[in-house]
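The values are calculated or read from the model by the stated rules, or taken from the named source; none is laboratory data. Computed from a predicted model, the values in this text were never measured in an experiment. Here Cβ is always computed from backbone atoms with ideal geometry, including for glycine, and neighbour counts include all displayed protein chains. The accessibility values were calculated without ligands, DNA or RNA, using every heavy atom of the protein model including side chains. Shrake-Rupley method; radii C 1.70, N 1.55, O 1.52, S 1.80 Å.
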Amino acid sequence: MRHLLTPRVIAVTLWGWSMLGLYLLIAHHPLSPPSVVLMPDWVPFWPWLTPLYLGMLLAAWALPLGIADEVLFRRCIASISLTFAFCLLLWLLHPTTMPRPPADPGWWNFHYRRMIAIDPPTNILPAAHGIGPLIGAWFLGQDKPRWRPWLWSGVLLSMPSIALVHQHRPQDIALGSALAALSLLLTHRQRFGAAA
């Protein structure tokens, strides 16, 4: 149990919950009436993928914790924070909402029904859901190069779930990913202390 209460774990947990809290605050209380956007007709609705979608939140928390090099760890946290700040600014300036399709009442959609009871269909553009796994995989791959194929396979296989559970459109995911790439460029050369 002591391994779960290290200063780094506590800091990353508080940081993650703070970002989630800000997201939910804006989602439940947009500054102006949100513009309605629609999911493209060609995107199927697979609500049974919700556990994979929610698992990306766990990955966003766990991947930075796997980084041994302190400089890479700090750059990772800075890059995710900067990307989230870009997303937050866009959510505030241009609130969006997207109608969700109903899911059938089968037990396999339990996680989807629980998710939509908590998370309103707002903050659609851009999608921030993939930024933690994307940036975390990038920096963990720098720290542990042999893990790169597994890290990127996991990210690439999980990213479509964001659209397939109809939380964000493909273009929202692309914009969130582009903001993550911009943040990676901006934080790549920054000095964040000596290497561990």
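Determine, yes or no, whether ALA78 is assigned to a helix (DSSP H, G or I), more than 20 Å from MET159 (Cβ to Cβ) and not basic (Lys, Arg).
For ALA78, the condition - assigned to a helix (DSSP H, G or I), more than 20 Å from MET159 (Cβ to Cβ) and not basic (Lys, Arg) - is met.
Scan segment 78-102 residue by residue and report those that are among the hydrophobic types (A, V, I, L, M, F, W, C), open to solvent by less than 30 Å² (accessible area, probe 1.4 Å) and closer than 17 Å to PRO120 by Cα.
CYS87, TRP91, MET98
Looking at segment 23-41 only, could you name the residues that are in contact (Cβ under 8 Å) with a residue 60 or more places away in the chain and open to solvent by 80 Å² or more (accessible area, probe 1.4 Å)?
HIS28, LEU31, PRO33, VAL36, LEU38
Having 2 or more residues that are at pLDDT 95 or above, aliphatic (A, V, I, L, M) and under 17 Å from ILE26 (Cβ atoms) is the bar; report the helices (runs of 4 or more DSSP H) wholly within segment 82-196 that clear it.
Result: 170-188.
Quick test of your reading of the structure: PRO44 fulfils all but one of (1) surrounded by fewer than 16 Cβ atoms within 10 Å (Cβ to Cβ); (2) part of a helix (DSSP H, G or I). Name the failing condition by number.
(2) is the only condition that PRO44 fails.
Any residue that is in contact (Cβ under 8 Å) with a residue 40 or more places away in the chain, open to solvent by 10 Å² or more (accessible area, probe 1.4 Å), among the basic types (Lys, Arg) and closer than 26 Å to LEU93 by Cα - is there at least one of those in segment 143-165?
For segment 143-165, residues in contact (Cβ under 8 Å) with a residue 40 or more places away in the chain, open to solvent by 10 Å² or more (accessible area, probe 1.4 Å), among the basic types (Lys, Arg) and closer than 26 Å to LEU93 by Cα: absent.
Which residue pairs have Cβ atoms under 6 Å apart, sit 6 or more places apart or on different chains, and have a first residue in segment 75-96 that is charged (D, E, K, R) and a second that is modelled with pLDDT under 95 and in a helix (DSSP H, G or I)?
ARG75/THR187
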